[in-house]
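Please treat every number below as a calculation from the coordinates, not as lab data. Remember, predicted model here, so these are calculated numbers, not experimental data. Don't worry about glycine lacking a Cβ; one is built from the backbone with ideal geometry, like all the others, and counts go over all protein chains shown.
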Amino acid sequence: MRIEVQSAPFDLAALLNGFGAGAGAVVTFSGIVRDDTGQMVALELEHYPGMTEKALTEIAVRARHRWNLLDVAVIHRHGRLSVGEPIMCVATAARHRAEAFAAAEYLMDYLKSRAPFWKREIGPDGAGAWVEAKGSDEDALSRWD
Amino acid sequence: MDVLYFAWLRERIGEPKERIETSAGTVRELVSELAARGDRHAAALSDLSAVRVAVDQELADLDAPLQGVREVAFFPPMTGG
C-alpha cells in the first residue's frame, strides 16, 4: 500500500512498476485540473498535514479489506497546480476487474468528501474562489453504506 | 489546546492556528467560547452547517467530548479528489 501527499508531480508509470504482483486486474484513475469557469489559471489546494495522511490511509485500508485488494495506492498533490496538470491518482489491484473498478470508485467517493483538502480556483487577476462541496459528492458516498 | 483553521475559516479568522486555555467539555462549548473572542471568530463560526470539525485529527461532531484532547480543527466541507 502506498499513500503520498506531495506538492511535486508524480509518475504514474513508475507507480505501476511492480504494483499489484499476482493481480488479474489493475485499475488506475487520474484526476486532472479542469477549468470549469473558463477563466481559471490555476488551482490551489490546501490540506491538513498530519490528518490528510491518516484519512487517506484509513480510506485505503477500508477499501483493501472490503474488496480483498492485492494492492492500493493513493497519491494526492497540494499547492498550486496549473490547468491540465494531474492532481491525484488512485490505483487498485485485485484478482478480478469488478473488484478493482469498484474499489477505485469507492476510494474516489471518499476522497471527495472525507479527505481534508480544500480547492481554490485562481483567476487571471490572482484572486481565488473556494470550491464549494457538492451535494452530489455526499450522495455518492451513501451508496457504500 | 491548539485550535486550527483551514480554507475560508482561516482567512476569516486571520490565523491558521491559536493556542487556547479552555475548560469547554464539548466542541459545541468550545465554539461558543471562540465566537465570544471577537467579530472575526463570531463571523467565521456563525453558520455551523458550513463548518466541519476534527478532534485530534479525526472527523467529529459538535457533541464530541474534549477531555484530554490536544488539537481541534475547524474547516469547510472537504473538496478532495
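If you find the alpha carbon centre of region B:1-53 and of region A:80-145, how far apart are they in angstrom?
27
Answer with one residue from A:42, A:56, A:18: the one whose Cα lies farthest towards the positive end of the charge dipole of region A:9-98, charges on Cβ with Lys, Arg +1 and Asp, Glu -1.
A:18
Within a 10 angstrom radius of each residue's Cβ in A:107-113, how many Cβ atoms of other chains show up on average? Whole number is fine.
Mean partner-chain Cβ count within 10 Å for A:107-113: 3.
Non-local amide H neighbours of residue B:56 (under 5 Å, H modeled in plane, Pro and chain starts lacking H): which ones?
B:70, B:71, B:72, B:73
For region A:79-145, what is the charge dipole size about the Cα centre, in debye to the nearest 20, if Lys and Arg each add +1 at the Cβ and Asp and Glu each add -1 at the Cβ?
Approximately 240 debye in magnitude.
Could you tell me the calculated FRET efficiency between residue B:2 and residue A:136, based on Cβ-Cβ distance and R0 = 30 angstrom, to the nearest 0.05?
So, using R0 = 30 Å, E works out to roughly 0.35.
Be a star and scan region B:30-56 for residues whose amide nitrogen sits under 13 Å from the point 7 Å along the Cα-to-Cβ vector of residue B:70.
Those under the cut-off are B:56.
Once you put a point 7 Å from the Cα of residue A:58 and another 7 Å from the Cα of residue B:63, both along the Cβ direction, what distance in nm separates them?
1.9
Please list, in chain and number order, the residues 5+ apart from residue A:78 or on another chain whose amide H is under 5 Å from its amide H, with Hs placed from the backbone.
A:6, A:7
Quantify how strongly other chains surround peptide A:43-56 by giving the mean number of their Cβ atoms within 10 Å of each of its Cβ atoms.
4
Percent of Cα-Cα pairs per 10 Å bin, from 0 to the last occupied bin, for the protein assembly as shown, please list those.
Final binned percentages: 8, 30, 32, 21, 8, 1.
When only DSSP loop residues count, what GluC sites (Glu not before Pro) in region A:38-104 have their Cβ near at most 12 other Cβ atoms within 10 Å?
Within region A:38-104, no GluC sites (Glu not before Pro) qualify (loop, at most 12 other Cβ atoms within 10 Å).
Any idea what the relative contact order of region B:42-81 is, in percent, if you count C-alpha pairs under 8 Å spaced at least 6 apart?
40
Which of the lysines could be linked to residue A:134 by a straight reach, that is with a Cα gap under 17 Å, when you skip same-chain ones fewer than 8 residues away?
Answer for residue A:134, where 17 Å is the Cα cut-off: A:112, A:119, listed by chain and number.
Counting Lys and Arg as +1 and Asp and Glu as -1, each charge on the Cβ, what is the dipole of chain B about the Cα centre in debye, to the nearest 20?
That gives chain B a dipole magnitude of about 200 debye.
Nothing charged except the Cβ atoms of Lys and Arg (+1) and of Asp and Glu (-1): what's the magnitude of the dipole of chain A about its Cα centre? Round to the nearest 20 debye.
Dipole of chain A, to the nearest 20 debye: 500 debye.
Which one of A:89, B:73, A:123 has its Cα pushed farthest toward the positive end of the charge dipole of the protein assembly as shown, where Lys and Arg give +1 and Asp and Glu give -1 at the Cβ?
A:89
Step through the residues of region A:131-145 one at a time and calculate ³J(HN,Hα) from phi using the Karplus curve (6.51 cos²θ - 1.76 cosθ + 1.60, θ = phi - 60°), rounding each to whole Hz and writing x for Gly and Pro.
Once rounded to whole Hz, the list reads 6, 7, 5, 9, x, 5, 5, 5, 4, 4, 5, 5, 5, 9, 5.
Can you tell me the orientation of helix A:51-67 relative to chain A, as the angle in degrees between its alpha-carbon axis and the longest Cα principal axis, to the nearest 10?
The two axes meet at around 30 degrees.
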